[in-house]
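Visitor: My questions will all concern the structure given below.
The values are calculated or read from the model by the stated rules, or taken from the named source; none is laboratory data. If you're wondering where the values come from, they're calculated on a predicted model, not measured in any experiment. So basically every Cβ, Gly included, is an ideal-geometry build from the backbone, and we count neighbours across all protein chains shown. SASA here: full protein model, heavy atoms, side chains in, ligands and nucleic acids out. Shrake-Rupley method; radii C 1.70, N 1.55, O 1.52, S 1.80 Å.
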Amino acid sequence: MPALNGIDAMIGIRSEFPNARIIVLTTYAGDVQVLRALKAGARGYILKGHVRRELLDTIRAVHAGQKRIPPEVAAEVAEHTGEDDLTSREINVLRLIAAGNANKEIAAQLFIAEDTVKSHVTTILSKLVANDRTHAVTIGLKRGIIEL
């Protein structure tokens, strides 16, 4: 969506029509993206590869007042439940890592000390159970924590 992302669109729709029953159709199965959509008011979540077999049942379930999430998406969400979420600062650092910035460049862009960046990177690696910066970016992209 060129002007507005799906989450912001849902928030806008639900603010004007609080009883709207929204189904998300997406390619993203990452747990963070799913949780954002559900918090924004989505009642159903369908992956684009499953539209043929799930769309009609999902529409019927949501119309009946139920929530509908594919089992593999629910399993992804459950797998990460209870884990420490990254803070907004840690997400910003991860985005800057994904953009190819070194710690010194990240520090300059965020107006913080390079040692602070190193501390954030250590925390990010720990929270994501990542082996290194590249692995952390890969996990962040897969889970929907960051986007390119």
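Visitor: With a cut-off of at most 14 other beta carbons within 10 Å, and DSSP calling the residue loop, which trypsin sites (Lys or Arg not before Pro) in the stretch 1-48 qualify? Please list them.
Guide: Working: sites: Arg14, Arg21, Arg36, Lys39, Arg43, Lys48; in loops: Arg21.
Filter output for the stretch 1-48: empty list.
Visitor: Working out 0.36 nm times the residue gap between His50 and Ser88, then minus their Cα-Cα distance, what length gain in nm do you get to one decimal?
Guide: 10.5 nm
Visitor: What 222 nm value per residue comes from the helices of the chain, counting each DSSP H run with n ≥ 4 as -39,500 (n - 2.57) and dividing by all residues, nearest 500 deg cm²/dmol?
Guide: Calculated at 222 nm, the ellipticity per residue is -18500 deg cm²/dmol.
Visitor: Same structure, new question: Where nothing but the Cβ of Lys and Arg (+1) and of Asp and Glu (-1) is charged, how large is the charge dipole of the stretch 74-116 around its Cα centre, in debye to the nearest 20?
Guide: On the way: 3 positive and 9 negative charges, 61 e Å.
Here the stretch 74-116 has a charge dipole of around 300 debye.
Visitor: Determine the per residue accessible area of the chain with all protein chains present and a 1.4 angstrom probe, expressed in square angstrom.
Guide: That works out to 61 Å² for each residue.
Visitor: Still on this structure, I have one more. Let's see if you can work this out: charge +1 on each Lys and Arg Cβ, -1 on each Asp and Glu Cβ, no other charges. What is the dipole magnitude of the chain about its Cα centre, in debye to the nearest 20?
Guide: Using Cβ point charges on Lys, Arg, Asp and Glu, the chain gives about 560 debye.
Visitor: I want to verify the translational diffusion coefficient of the stretch 33-110 in µm²/s; compute it with Stokes-Einstein, Rh as the Kirkwood radius over Cα pairs, at 10 °C and 1.306 mPa s.
Guide: So the translational diffusion coefficient is about 104 µm²/s.
Visitor: Working with all protein chains in place, sort Val24, Val129 by solvent-accessible area computed with a 1.4 Å probe, largest first.
Guide: Correct descending sequence by accessible area is Val129, Val24.
Visitor: I need the phi-derived Karplus couplings for the stretch 8-16: 6.51 cos²θ - 1.76 cosθ + 1.60, θ = phi - 60°, integer Hz, Gly and Pro marked x.
Guide: Working through the residues one at a time gives 5, 5, 4, 4, x, 5, 5, 5, 8 Hz.
Visitor: How long are the three semi-axes of the equivalent ellipsoid for the chain, computed from the Cα gyration tensor as the root of 5 times each eigenvalue, in whole Å, largest first?
Guide: Working: eigenvalues 227, 55, 31 Å².
Its equivalent ellipsoid spans semi-axes of 34, 17, 13 Å.
Visitor: Ignoring any ligand, DNA or RNA, what whole percent of the accessible area of the chain comes from carbon and sulfur when the probe is 1.4 angstrom?
Guide: 54
Visitor: Sticking with the crude label model, points 7 Å out along Cα→Cβ, report the distance from Thr81 to Ala20 in nm, one decimal please.
Guide: Modelled inter-label distance: 2.8 nm.
Visitor: Each residue of the stretch 21-36 in turn: what ³J(HN,Hα) in whole Hz from Karplus with 6.51, -1.76, 1.60 and θ = phi - 60°, glycine and Pro shown as x?
Guide: So the J values, rounded to whole Hz, are 10, 9, 10, 8, 10, 8, 9, 8, 10, x, 4, 5, 4, 4, 4, 4.
Visitor: Continuing with this model, one more query. In straight Cα distance, which lysines are under 24 Å from Lys127, not counting same-chain residues fewer than 8 positions off?
Guide: Hits, sequence-local ones excluded: Lys39, Lys104, Lys118, Lys142.
Visitor: Counting other Cβ atoms within 10 Å, which GluC sites (Glu not before Pro) in the stretch 62-109 have at most 15 and lie in a DSSP loop? It would help to have the intermediate numbers written out before the result.
Guide: Working: sites: Glu72, Glu76, Glu79, Glu83, Glu90, Glu105; in loops: Glu83.
Filter output for the stretch 62-109: Glu83.
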